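Report on the structure given below.
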Amino acid sequence: MSSPLAGQIALVTGGSRSIGRETALALAAQGADVVITYRTNVDAASATVRDLIALGVRAEAIAVDLTGTAQLGHLVTEFRRVLTTWGREDFDILVNNAGILRLVTFDRVTEDDLDANFLTNYKSVFFLVQRLMPHLRDGGRIVNLGSGTARIAFQPLVSYGPIKAAIQSLTLYLAAFLGPRRITVNAVAPGGLDGDFNAPLFAVRPEAKDFIAQHTAVGRIGVPRDVAGVITFLCSPQAAFVSGAIVNVDGGYHL
């Protein structure tokens, strides 16, 4: 089996479930050793680590709350400890996947809703890249998680979509800044997916699954594995000349 990422090390935030888990597994299947982060679900994180190791790679999980910057120092320290244990001082791939979702329409958004989205979905990403940048090897890869709601207004995600638009804009700035080091920075923008991240949405709007499928060019709703495949490509040697791209992974939703 081809292992184009053999010898590389990836950090996938929020890697114990949904897109993060599928991405960690896809990277491992290509030969990368993987460190995932998780917030509280130790059982899910442990299961993911076991599944990664079963693919023949090294894997560890780090518990961290990525609400803002308070625990970034802990994450960087623990990640560097893992790197040392694995005989490396640097790493190759960063996937900024961790995020939260608040369902509320504009007239009901509170400061807490907006702050929670900003702290987790933007601020922690911004400063995690800043802190890990010295440890990311030249020629490395960064992939950020954007969203289709950055360009398509879906009212219950008014506190989420605009912040994902900011992440997609940040992706362009990072690509320009890190380009001289041959580090590529891209983002994926998933459409509505049938996964546990969107479970709260589908619990409130069960008809949303059919609506998404009916308005998607390929006639189905997406799953986390669809997004993981694109992320893995962006981390591959074949994508060395792709940087500053926002890749819509939505099956042609609302073309």
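The values are calculated or read from the model by the stated rules, or taken from the named source; none is laboratory data. Everything numeric here is computed off the predicted structure, so don't read it as measured data. No Cβ is skipped: glycine too gets one built from the backbone with ideal geometry, and neighbour counts run over all protein chains shown.
See the values below:
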item: All positions within region 80-90 that are assigned to a helix (DSSP H, G or I) and either of a type in the set (S, T, N, Q) or surrounded by 14 or more Cβ atoms within 10 Å (Cβ to Cβ) (or both); result: Arg80, Val82, Leu83, Thr84, Thr85
item: Criterion: surrounded by 13 or more Cβ atoms within 10 Å (Cβ to Cβ), under 22 Å from Gly195 (Cα atoms) and out of contact with any Phe, Trp or Tyr (no Cβ under 9 Å at 6 or more places or on another chain) - qualifying residue of Leu114, Leu101, Leu66; result: Leu66
item: Which numbered condition Pro4 fails, given (1) surrounded by 16 or more Cβ atoms within 10 Å (Cβ to Cβ); (2) within 24 Å of Pro237 (Cβ to Cβ); result: (1)
item: Among residues of region 176-216, those that are modelled with pLDDT of 95 or more, of a type in the set (S, T, N, Q) and either surrounded by fewer than 17 Cβ atoms within 10 Å (Cβ to Cβ) or in contact with a Leu (Cβ under 6 Å, 6 or more places away or on another chain) (or both), counted; result: 1
item: Members of region 47-79 found to be in a helix (DSSP H, G or I) and within 20 Å of the chain's Cα centre (by Cα), listed by number; result: Ala47, Thr48, Val49, Asp51, Leu52, Leu72, Gly73, His74, Leu75, Val76, Glu78, Phe79
item: Tabulated pairs, region 159-180, first free of Cβ contacts under 8 Å to residues at least 12 places away in the same chain and within 13 Å of Val247 (Cα to Cα), second surrounded by fewer than 16 Cβ atoms within 10 Å (Cβ to Cβ) and of a type outside the set (Phe, Trp, Tyr), C-beta under 6 angstrom, 6+ apart or interchain; result: none
item: Pairs where the first residue, in region 1-21, is within 11 Å of Ala32 (Cα to Cα) and free of Cβ contacts under 8 Å to residues at least 60 places away in the same chain and the second is polar (S, T, N, Q) and assigned to a loop (DSSP other than H, G, I, E, B), C-beta under 7 Å, 6+ apart; result: Ser3/Gln30
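Each row is one residue, and each column tells you yes or no for (1) outside any strand (DSSP E or B); (2) of a type in the set (Gly, Ala, Ser); (3) surrounded by fewer than 21 Cβ atoms within 10 Å (Cβ to Cβ); (4) modelled with pLDDT under 95.
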| site | (1), (2), (3), (4) |
| --- | --- |
| Ala10 | no, yes, no, no |
| Ser16 | yes, yes, no, no |
| Arg21 | yes, no, no, no |
| Ala45 | yes, yes, no, no |
